[in-house]
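Working notes, beginning with the structure itself.
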Amino acid sequence: MEKKRLKLSERISYACGDAASNVVWAALGAFAMMYYTDVAHVDAGIIGVIMLISRFLDGASDLIMGLIVDNTKSRFGKARPWLLRIAIPFAIATTLMFSVPESTEMIKVVYIFVTYNLVMTMYTMINLPYGSLSTLMTEDSYERSVLNIFRQIFAQITSLIITSATLPLISAFGGGRQAWTITYGIFSVAAAALFLICFAGTKETVGVAAKERESVPVKTALLALLKNKCWIISMLLGTGTCLFYMAISTINSYFCVQVLHDENMVGILNAAYIAPMIVFFFIMAPIVKKIGKKKTNLAGWIIILVSYIPLLVAMTSTPVLVVSSVIRGIGYACVMGVQFAIIGDSVEYGEWKTGVRSEGLVFSAQSFGCKVGMGLGNVLIGALLSWGKYDGALEVQPDSALTVIKALYIGMPIIVAILQMLLMIPYTIEKEYDQMNRELAQRKKN
């Protein structure tokens, strides 16, 4: 098996891709629901249903794009050309998403449905190839873990910038609909530039050159995928992780504005968990090397559960909220520090078990799983906010809405964390990895 050590410039260039993705990912998590309810003034329940439908529609686009990536043949490789092709359309779609017109309820709902789906389709077309790119840059499992840590550092720095700067920028531009459009227009241009840096600074070196590789029949690839235990686990992990992300980002915005009555706390609490996460990523590589991905992931969820204990007795205390967020950030660093490396390992696992290597389809698990998680999170949050009589046009929300926000702020993340820990029990690939590598290497020699 090839053991290619990546240059620092390659790691940084690759990480720029996740920074670009998180311009939109952070927006979807922290502000999309709030923008639609409080700025566009559409009912939260309707928005939740739109987002859920969109996620399941996106399941088809994930599968299709996975097959396209696996069968792409170009001088740039299999994954990299899509960064070049989609960077600008992705930026345009993002700007349109935050440009809902002042019109009738029906027109606004239709506009949201179309532009939201457009963004998610563009996201699939660029993020799925981006995720696949890591397995095409190196086959070394540890090197991919390091690559994953770099992308997470850049991703979280971007999330910190977006969640901290969005509301102040909107205020600086005068507030209102146009301010949101201008703000996300700026963010979108930055995202396109970062994707182009990722394209220019990376190279696909693993396996046979794309133009020489035989295409895998769709039926063969799909059947092989369903036999890949690690793929199934990684898809469910992606669902849970993104459901958790929706819980701590979307609800955080509502919690700060409506319960704490201080929109500045949105940025403060986001910074309180993202900053230690970024710092902790710098020491993740030796931790993962020593205890492995499974134990690192489990340790992360345990730390996250511990972070919520103080909130059970002092939910609105600023010091308690900040300390809780810091602890949560450390736990989330452990989870995200191995998330994509686990997905990458399932590429070789599938090849070992079935003889079929399909980077694109395997990484469609991460994309599809995340979208389902976000969809479930959005519909749950939207439905409960609507049930609690939340109305974005009101300056003061009814007690029922505030009760729902408080319950979601603590209850939803705790439930997800417990389910994620249970899901890691059948993950056994680390015990088989040495044998897998030896047998795959022998096959290549033959």
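When residue 369 is evaluated against the numbered criteria (1) of a type outside the set (Asp, Glu); (2) at pLDDT below 85; (3) within 23 Å of the chain's Cα centre (by Cα); (4) open to solvent by 30 Å² or more (accessible area, probe 1.4 Å), which criterion, by number, is the only one it fails?
Failed condition: (4).
Looking for whichever is closer than 24 Å to residue 159 by Cα and of a type in the set (D, E, K, R) here; the options are 70, 18. Which one fits?
Going through 70, 18 in turn, just one is closer than 24 Å to residue 159 by Cα and of a type in the set (D, E, K, R): 18.
For residue 179, which of the numbered conditions (1) in contact (Cβ under 8 Å) with a residue 40 or more places away in the chain; (2) in a helix (DSSP H, G or I) fails to hold?
The one condition residue 179 does not meet is (1).
Would you confirm whether or not the range 78-93 contains a residue that is among the aromatic types (Phe, Trp, Tyr), open to solvent by less than 10 Å² (accessible area, probe 1.4 Å) and modelled with pLDDT of 85 or more?
Among the residues of the range 78-93, at least one is among the aromatic types (Phe, Trp, Tyr), open to solvent by less than 10 Å² (accessible area, probe 1.4 Å) and modelled with pLDDT of 85 or more, which makes the answer yes.
In the set 199, 195, which member is in a helix (DSSP H, G or I), open to solvent by less than 20 Å² (accessible area, probe 1.4 Å) and modelled with pLDDT of 95 or more?
That would be 195, the only listed residue that is in a helix (DSSP H, G or I), open to solvent by less than 20 Å² (accessible area, probe 1.4 Å) and modelled with pLDDT of 95 or more.
Out of all the residues in the range 383-395, is one or more free of Cβ contacts under 8 Å to residues at least 40 places away in the same chain and closer than 23 Å to residue 267 by Cβ?
So far as the range 383-395 goes, yes, one or more of its residues are free of Cβ contacts under 8 Å to residues at least 40 places away in the same chain and closer than 23 Å to residue 267 by Cβ.
Which residue out of 241, 220, 296 is open to solvent by less than 50 Å² (accessible area, probe 1.4 Å), of a type in the set (Ser, Thr, Tyr), modelled with pLDDT under 90 and assigned to a helix (DSSP H, G or I)?
241
Mind checking which residues of the range 351-366 are at pLDDT 75 or above and either in contact with a strand residue (DSSP E or B) (Cβ under 6 Å, 6 or more places away or on another chain) or among the charged types (D, E, K, R) (or both)?
Those that are at pLDDT 75 or above and either in contact with a strand residue (DSSP E or B) (Cβ under 6 Å, 6 or more places away or on another chain) or among the charged types (D, E, K, R) (or both): 351, 353, 357.
Here are some residues: 108, 73, 7. Which one is open to solvent by 60 Å² or more (accessible area, probe 1.4 Å) and either in contact (Cβ under 8 Å) with a residue 12 or more places away in the chain or polar (S, T, N, Q) (or both)?
Only one candidate qualifies: 73.
Can you tell me which of 344, 337, 329, 350 is farther than 22 Å from residue 138 by Cβ and open to solvent by less than 10 Å² (accessible area, probe 1.4 Å)?
329
Whether any residue in the range 387-410 is at pLDDT below 85, in contact with a helix residue (DSSP H, G or I) (Cβ under 6 Å, 6 or more places away or on another chain) and closer than 28 Å to residue 235 by Cβ is what I want to check.
no
Name the residues in the range 324-375 that are closer than 22 Å to residue 429 by Cβ and charged (D, E, K, R), would you?
Of everything in the range 324-375, those that are closer than 22 Å to residue 429 by Cβ and charged (D, E, K, R) turn out to be 345, 348, 351, 353, 357, 359.
Read through the list (1) touching a residue at least 40 places away in the same chain (Cβ under 8 Å); (2) more than 20 Å from the chain's Cα centre (by Cα); (3) crowded, with 17+ Cβ neighbours inside 10 Å, then give the number of the only condition that residue 375 fails.
(2)
Which residue out of 338, 347, 320, 326 is part of a helix (DSSP H, G or I), of a type in the set (Val, Ile, Thr) and closer than 12 Å to residue 230 by Cα?
Among 338, 347, 320, 326, only 347 is part of a helix (DSSP H, G or I), of a type in the set (Val, Ile, Thr) and closer than 12 Å to residue 230 by Cα.
Looking at 276, 310, 319, can you tell me which residue is in contact with a helix residue (DSSP H, G or I) (Cβ under 6 Å, 6 or more places away or on another chain) and open to solvent by 40 Å² or more (accessible area, probe 1.4 Å)?
Matching residue, one of 276, 310, 319: 310.
Spot the failing condition for residue 306; the list is (1) among the β-branched types (Val, Ile, Thr); (2) under 22 Å from the mean Cα position of the chain (by Cα); (3) under 26 Å from residue 376 (Cα atoms), and only one is missed.
Status for residue 306: all satisfied but (2).
The values are calculated or read from the model by the stated rules, or taken from the named source; none is laboratory data. What you see is a predicted model, and the numbers here were worked out from it, not measured in a lab. Here the Cβ is made from the backbone with ideal geometry for all residues, glycine too, and neighbour counts use every protein chain on show. Protein only, heavy atoms only, side chains kept; ligands, DNA and RNA dropped before computing areas. Shrake-Rupley method; radii C 1.70, N 1.55, O 1.52, S 1.80 Å.
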